[in-house]
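Below is one structure, written out as structure tokens, with a few remarks after it.
The values are calculated or read from the model by the stated rules, or taken from the named source; none is laboratory data. These figures come from a predicted structure and were not determined experimentally. When we count neighbours, we look across all protein chains shown, and the Cβ atoms used for this are built from the backbone with ideal geometry, even at glycine.
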Amino acid sequence: MTTNHIQELLSKLNELRAVFILGQRAIPFIEEVVYFLREISPLLSEVNDSLAESTRKMPRASSQLKSVTQATEMATTEILDLIDVVLSDLDAFKKSWAAAPEALQALQQQEEQLWHPLPESWHEQLQTLLEERRQHYAALQAMLESQQQLVDSLRERMNRIMMALQVQDITAQQLAAVNHLIESVRNRMAQLIRRLGSEVLDDLELPRQLFAEGTFDPHARYDRDGSRQQRVDALVNALQYTAPLSQDDEAAGPASQEEIDALFNGNSAPASQDEIDGLFSGGTPTSQDEIDALFGGGSTPASQDEIDALFGGGSTPASQDEIDALFNPKRNDSNS
Amino acid sequence: MSEAMTFLVVDDSPTMRRIVCNALREIGYTDVVEASDGADALEKLEQGSIDFVITDWNMPNMNGLELTKAIRSHARFGNLPILMVTTRGMKEDVIAAMQARVNNYIVKPFTPEVLREKINLILKTA
């Protein structure tokens, strides 16, 4: 054995010693990992049970939302029925009093006619009485005019109430969108439960969607300031002005993006796509792909934290503001 | 076209159909036919003489956009005035509707004044 061999042996022994030292240091960590795994196992089981329980409850939530929509529709129908009755009564009332001013005028004319043939000596005696009667006629005339104005005002207000009931259709669409989201989450959770190896629940798959996709607008909102209509009008005018859609010309297309940009931002600096999107309340609606991506698609399911974050925790229900924020983040920002 | 014209109001929401019908009545149009979706609307168009179509977008069976395309490709009533009344107010929606050749576009919630203005505008340019 040469000196070189001894040096090499010593070097290997040092390496071996380093491995042992590392092993000694790693043992407590490995022990901690084992303890952690032991502790987390029941937690995982609990999470699994919780997921299954939540998933079972979701159809009831969907059904309750549908009930809310049906109830508001029924109530709206009742209100519309009552509005129809009130409008009809107001019309009848207005019609029945429509001849009153003319009748009053006829009475006045008759009195004037009666007045002239009377002897002059009577005139002085009856003057005061006649003046009083003229004042009564004037007061009656004013009352009739006021009554007409009141009926017209009531009519207009009833019509405003009727138009405000559009809120039922808009909220029904918002509820349908929430329901659709619940159904998507439920399907993802069902997949997650299967992946975690639990028993497959018989009722995991919804028999059918309560609100078919495409029958609601997830961005529906009750916005009465008219600014959305103004933006739509501007775009419609731009599209009609820059590229009239002739009915005889199948090839006629809408205005180009540049033309729309020019309309919304002058001729010098065309608006960016983001700016135009900003005009129209914040971009495109959430696609199914985006929902899928949120919940991990086929490969990585969403965590309970992610689902909780969406619904504001397991115990407290989401507020309207939170739902609004989900479907209309920009509006929520502007309100706050 | 006169105010005796017949309107076809297409919406899957009975509430909205009623509101649109009442709004039409308020602005002087009393002859209204109702349909609950695009397919129903096409049947009604085949049955009677409709002068003006007011349609929602989001509906089952056949939506308002598909209905517009179906009407425009129809030999008999391809030139009917079509007014889209919808909650959809995104730029892409308006462009898609105009590409499908609706005559004008109203965003819900609307007022009878806006309805009157758009109808008059369409009738003036028709």
- Item | Selection status of B:VAL53, in contact (Cβ under 8 Å) with a residue 12 or more places away in the chain, facing chain A (nearest Cβ under 7 Å) and either aliphatic (A, V, I, L, M) or over 30 Å from A:ALA71 (Cα atoms) (or both) | no
- How many residues of the stretch B:1-29 are outside any helix (DSSP H, G or I) and either crowded, with 18+ Cβ neighbours inside 10 Å or within 13 Å of another protein chain (Cβ to nearest Cβ) (or both)? The answer is 9
- Query: If you take the residues of the stretch A:38-73 that are in contact with a helix residue (DSSP H, G or I) (Cβ under 6 Å, 6 or more places away or on another chain) and among the polar types (S, T, N, Q), which of them is farthest from A:ILE193 (Cα to Cα)?
  - Reply: A:THR72
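Considering only residues that are over 14 Å from the mean Cα position of the chain (by Cα) and on the phi < 0 side of the Ramachandran plot, which ones fall in the stretch B:17-28?
Residues satisfying the conditions are B:ASN22, B:ARG25, B:GLU26, B:ILE27.
Quick check, is B:ALA39 within 14 Å of another protein chain (Cβ to nearest Cβ), under 22 Å from B:ALA97 (Cβ atoms) and in contact with a Pro (Cβ under 6 Å, 6 or more places away or on another chain)?
Judged against the criteria, B:ALA39 is not a match.
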- Query: All but one of (1) surrounded by 18 or more Cβ atoms within 10 Å (Cβ to Cβ); (2) touching an Asp or Glu at 6+ places or on another chain (Cβ under 9 Å); (3) not in a helix (DSSP H, G or I) hold for B:GLU34; which doesn't?
  - Reply: (1)
- State yes or no: is A:GLN229 of a type in the set (S, T, N, Q), closer than 28 Å to A:SER50 by Cα, at pLDDT 85 or above and surrounded by 19 or more Cβ atoms within 10 Å (Cβ to Cβ)? no
- Task: List every residue pair whose Cβ atoms lie under 8 Å apart, where the two residues are 6 or more positions apart in sequence or sit on different chains, the first residue falls within the stretch B:103-126 and is within 7 Å of chain A (Cβ to nearest Cβ), and the second residue, located anywhere, is among the acidic types (Asp, Glu) and surrounded by 23 or more Cβ atoms within 10 Å (Cβ to Cβ).
- Result: B:LYS108/A:ASP169
- Task: Look at the stretch B:84-109 and say how many of its residues are more than 14 Å from A:ALA234 (Cα to Cα), surrounded by fewer than 21 Cβ atoms within 10 Å (Cβ to Cβ) and not charged (D, E, K, R).
- Result: 3
- Query: Pairs, please: C-beta under 6 Å, at least 6 apart or cross-chain, first residue surrounded by 12 or more Cβ atoms within 10 Å (Cβ to Cβ) and in the stretch A:43-56, second charged (D, E, K, R)?
  - Reply: A:THR55/A:ARG186
- Message: Just to check your reading of the model, which residue among A:LEU37, A:LEU90, A:LEU104, A:LEU82 is free of Cβ contacts under 8 Å to residues at least 12 places away in the same chain and more than 32 Å from the chain's Cα centre (by Cα)?
- Response: A:LEU37
- Counting only residues that are at pLDDT 85 or above and closer than 16 Å to B:GLU117 by Cβ, how many does the stretch A:236-245 have? 2
- Checked against (1) within 22 Å of A:GLY214 (Cα to Cα); (2) in contact (Cβ under 8 Å) with a residue 60 or more places away in the chain; (3) small (Gly, Ala, Ser), B:GLY38 satisfies every condition except (2)
- Item | Search result, residues across the stretch B:63-83 that are part of a loop (DSSP other than H, G, I, E, B) and either surrounded by fewer than 18 Cβ atoms within 10 Å (Cβ to Cβ) or more than 9 Å from chain A (Cβ to nearest Cβ) (or both) | B:SER73, B:HIS74, B:ALA75, B:ARG76, B:PHE77, B:GLY78, B:ASN79, B:LEU80, B:PRO81
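Scan the stretch A:107-127 for residues that are closer than 26 Å to A:GLU145 by Cα and either in contact (Cβ under 8 Å) with a residue 40 or more places away in the chain or not aliphatic (A, V, I, L, M) (or both) and report the count.
Qualifying residue count, the stretch A:107-127: 6.
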- Message: Restricting to the stretch B:56-88, give me the number of residues that are among the aliphatic types (A, V, I, L, M) and without any contact (Cβ under 8 Å) to a residue 24 or more places away in the chain.
- Response: 1
